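Note sheet for the following structure.
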Amino acid sequence: MSYTVTCADLNRDRAILLDILTQNREKDYPYERRYDWIYLDNPWGKAVAWLIWDDKKQRPVGITAAFPRKILVQGRELTCWNCGDFSIEKPYRTLGIAIKLRKAAREAVDRGEVPCLYAHPNNRMVHVHLKVGHRQIARMKRYALPLRPSKLVSGKSWRGVVSTLVDPPVATLLRLKFRRAGDFELHPPEQFSFSPDHTNLCWELSEHFPVVGLRDENYLTWKYIRHPVHRFYLFNYYQKDRLAGYIVFRLEDGTAAVSEAVTGPEKEAWKQMLSTFLWALLARFPAAKGVSVVTQEFNPLVETMLALGFKFRDDSTSAVIAHTADPDLQPLVLEGKNWFMTVGDRDS
């Protein structure tokens, strides 16, 4: 059987793209609501998508997409691709078809259409990326900090006892442990904005990390205020009346799931911001069950989290891959330790 890969028209092929997405990915996710936001309204440009067709049946059986993402490489702005939405119908999930579809983005990079790409494939897809010549440069890992002992207890009756007798004094002890080390603002969803000060923090990071996804106020507004599905909170951290860092998170069943954490490069800056964030979280959300952070393994936040009691959880580990044909970019982009990356750098 033969298969052909074609470039999709984002307007004409909208129904096809959405049908394959909804049938082959998370069943309850509202891909229709997300479509315009990520495919058409990205501040860095419209997405590029490809379809793979069963030539005999003349029907599309898979899709993949690339979303424009500005990065700073040694302080120079480049627009690369953040790959995502790879989906193939179940009867066609063979290595050969997956490789043929996956090659579309790589070949575009090799032709010079964009300087580089990166992606966060799940464990099943890593092999496909490696087969087409992409390089695995790092892993994304999850770290968790329980804030309520009752969350760790199995059994409804015991959980109730622990919740009543143990959770309150533990919360008091944690507020003493996580000291407030600066001023802050904790904004609920849709009641905050980003400013040039947030942009400046990104540029400061780029002085210490060779590769950084550009987090300017326009991108952050699109990503965290205009997101059509998730509702985010913003924690702004101040030192001497200056914005010194920020954390973007959402609450999922009582757990604060962190998407972004940005501050200065010094270890003490990370410790002070994270400690103040945890203090503020306990004060503002006394019923919060815990904190969960998925981030790239070389992110400076990891060392700080471990020092403050977070534990690694091997339930969300995934790969980070990258590709560039530019020999000047290869030593920078293809080394994971060069990147400042958070889970916010993913495609959705």
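Regarding segment 246-268, can at least one residue be identified that is among the aromatic types (Phe, Trp, Tyr), buried (at least 18 other Cβ atoms within 10 Å of the Cβ), within 23 Å of Val291 (Cβ to Cβ) and under 20 Å from the mean Cα position of the chain (by Cα)? Within segment 246-268 (the criterion being among the aromatic types (Phe, Trp, Tyr), buried (at least 18 other Cβ atoms within 10 Å of the Cβ), within 23 Å of Val291 (Cβ to Cβ) and under 20 Å from the mean Cα position of the chain (by Cα)), the answer is yes, since at least one residue qualifies. Filtering segment 19-31 to residues that are buried (at least 16 other Cβ atoms within 10 Å of the Cβ) and closer than 19 Å to His230 by Cα leaves Leu21, Thr22, Tyr31.
The residues of segment 114-127 that are outside any strand (DSSP E or B) and either among the polar types (S, T, N, Q) or surrounded by 21 or more Cβ atoms within 10 Å (Cβ to Cβ) (or both), listed by number, are Cys116, His120, Pro121, Asn122, Asn123.
For segment 133-160, filtered to residues that are part of a loop (DSSP other than H, G, I, E, B) and surrounded by fewer than 19 Cβ atoms within 10 Å (Cβ to Cβ), the residue that is modelled with the highest pLDDT is Gly133.
If you scan segment 272-285, which residues turn out to be closer than 9 Å to Leu147 by Cβ and in contact with a helix residue (DSSP H, G or I) (Cβ under 9 Å, 6 or more places away or on another chain)? Leu278, Leu282, listed by residue number. A count restricted to segment 74-106 and to residues that are loosely packed, with under 13 Cβ neighbours inside 10 Å and either over 21 Å from the mean Cα position of the chain (by Cα) or closer than 23 Å to Trp53 by Cα (or both) stands at 7.
The numbered conditions (1) part of a loop (DSSP other than H, G, I, E, B); (2) in the same structural domain as Leu186 (by TED's automatic domain parsing); (3) more than 22 Å from Leu201 (Cβ to Cβ) are all true for Pro265 except (3). Just wondering, is there one or more residues in segment 46-63 that are closer than 27 Å to Pro115 by Cβ and surrounded by fewer than 19 Cβ atoms within 10 Å (Cβ to Cβ)? Checked segment 46-63: at least one residue is closer than 27 Å to Pro115 by Cβ and surrounded by fewer than 19 Cβ atoms within 10 Å (Cβ to Cβ).
Of the numbered criteria (1) of a type in the set (A, V, I, L, M); (2) in contact with a strand residue (DSSP E or B) (Cβ under 9 Å, 6 or more places away or on another chain); (3) at pLDDT 95 or above; (4) part of a loop (DSSP other than H, G, I, E, B), the one Ala181 fails is (3).
The values are calculated or read from the model by the stated rules, or taken from the named source; none is laboratory data. Because the structure is a prediction, the values reported are computed rather than measured. Every residue, glycine as well, gets a Cβ built from its backbone with ideal geometry; the counts of neighbours run over all protein chains shown.
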